[in-house]
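Worksheet: the structure to be examined is printed underneath.
Nothing in this text is a laboratory measurement; each read-out follows from the coordinates by a stated rule. Remember, predicted model here, so these are calculated numbers, not experimental data. Neighbour counts are summed over all protein chains in view; Cβ atoms, including those assigned to glycine, are modelled from backbone coordinates with ideal geometry.
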Amino acid sequence: MHIITKLLDYIFPRQCIFCGTPVYSGLPYCEDCIDLIPFTEDVCPVCGKESCICNKQQFYFQKAVSVFNYDLGAEHAIRQLKFNEKISYAKPLAGYMYQKMLQSDFINKIQLILPAPMTKKDTIARGYNQSVLLAKELSRLSHIPMSDRILLKVKQTRKQHDLNSEERKINLSGAFRVTDSVLVSGKTILLCDDVYTTGSTFNECSRILMENGAKEVYCIAAASTQLKQLKQK
């Protein structure tokens, strides 16, 4: 079986998720990218940013973590997942996110995983919600239940990447709702998203969850933008 797997890898090589180069090792990355993966490091223990943003807004979540800086190969991988239908990239990206969960101080608290929701219109247009794909794989790896039917996005909003930090907060006001507060009441929840930028999405979702009785909310993203990237927007 091992020989057959190796043969299939050569006939139908996988792609490095960070650059798109064919790989024959069975791993999700190539040798050129392994030393260039932009992992986050030296971040704030609360907001999870290299340049702390805790003084810019009141957070309704306990902590946010991310695996990569949204740069170089990590940006390539997420954009391929998000915009080019590379849904197979969700599995290795979620694998990295699960390793981050294992290193966290909250993994044993989590009772429910919820993906950052998209409106029905946007989900139909894209064909899928990339955060749901990541959350499903995280659930499989961690054996923690997940649902994409509890936290919904009910208001069509402007695209967040076109807005600054303050505009993002206003844009998301009233955008989310919980279908049944009983499903989140008293629970410690992990919110999952692909990219963590200003924290507006995580924070507004967390606020709604806390209003509906959640005990605590933690957040995880595949990648996080940093201050220099925010200033360029």
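Among the DSSP beta bridges whose two residues both lie in the chain, what percent are antiparallel, rounded to the nearest 5?
Details: 6 of 25 bridges.
If I count the DSSP bridges inside the chain, around 25 percent turn out antiparallel.
Using Cα-only point scatterers and the Debye equation, what is log10 of I(q)/I(0) for the stretch 42-232 at each q in 0.13, 0.16 Å⁻¹, rounded to two decimals?
-0.62, -0.99
Taking only Cα atoms and a 10 Å spring cutoff, compute GNM fluctuations for the chain and point out the largest among Leu112, Leu183, Leu133.
Leu183
Near the amide H of Gly48, under 5 Å away, which other amide H atoms are found, from residues 5 or more places off or on another chain, if H is placed in the peptide plane?
Placed amide hydrogens put Ala64 under 5 Å from Gly48.
Would you please state the base-10 log of I(q)/I(0) at q = 0.12, 0.13, 0.20, 0.21 1/Å for the stretch 71-150, with intensities from the Debye formula using one equal scatterer on every alpha carbon?
-0.36, -0.42, -0.93, -1.00
Using 27 Å as the Cα-Cα cut-off, could you pick out the over-long pairs in Lys120/Lys169; Lys49/Lys169; Lys82/Lys187; Lys100/Lys136?
Working: Lys120/Lys169 21 Å; Lys49/Lys169 18 Å; Lys82/Lys187 29 Å; Lys100/Lys136 16 Å.
The pairs that break the limit, which is 27 Å between Cα atoms, are Lys82/Lys187.
What residue among Ile34, Ile107, Ile17 shows peak mean-square fluctuation when the chain is described by a Gaussian network model with Cα springs under 10 Å?
Looking only at Ile34, Ile107, Ile17, the largest GNM fluctuation is found for Ile34.
Given charges of +1 on the Cβ of Lys and Arg and -1 on the Cβ of Asp and Glu, with all other atoms neutral, how large is the dipole of the chain about its Cα centre, in debye to the nearest 20? Please list the in-between numbers first.
Working: 30 positive and 23 negative charges, 164 e Å.
For the chain, the charge dipole is close to 780 debye.
With springs connecting C-alpha atoms under 10 Å apart, model the chain as a Gaussian network and identify which of Cys219, Cys33, Cys192 has the largest mean-square fluctuation.
Highest fluctuation among the options: Cys33.
Once you have the alpha carbon radius of gyration of the stretch 123-233, what is it after dividing by 2.2 N^0.38 Å, with N set to its residue count?
For the stretch 123-233, the normalised Cα radius of gyration is 1.08.
What's log10 of I(q)/I(0) for the stretch 1-145 at q = 0.09, 0.12, 0.13, 0.17 Å⁻¹, Debye sum over Cα points only, no solvent?
Per q value, in the given order, log10 I(q)/I(0) is -0.34, -0.60, -0.70, -1.14.
Can you compute 3J(HN,Hα) from phi for each residue in the stretch 215-221, using the Karplus curve 6.51 cos²θ - 1.76 cosθ + 1.60 with θ = phi - 60°, rounded to whole Hz and x for Gly and Pro?
With the stated coefficients, the stretch 215-221 comes to 6, 8, 10, 10, 10, 9, 9 Hz.
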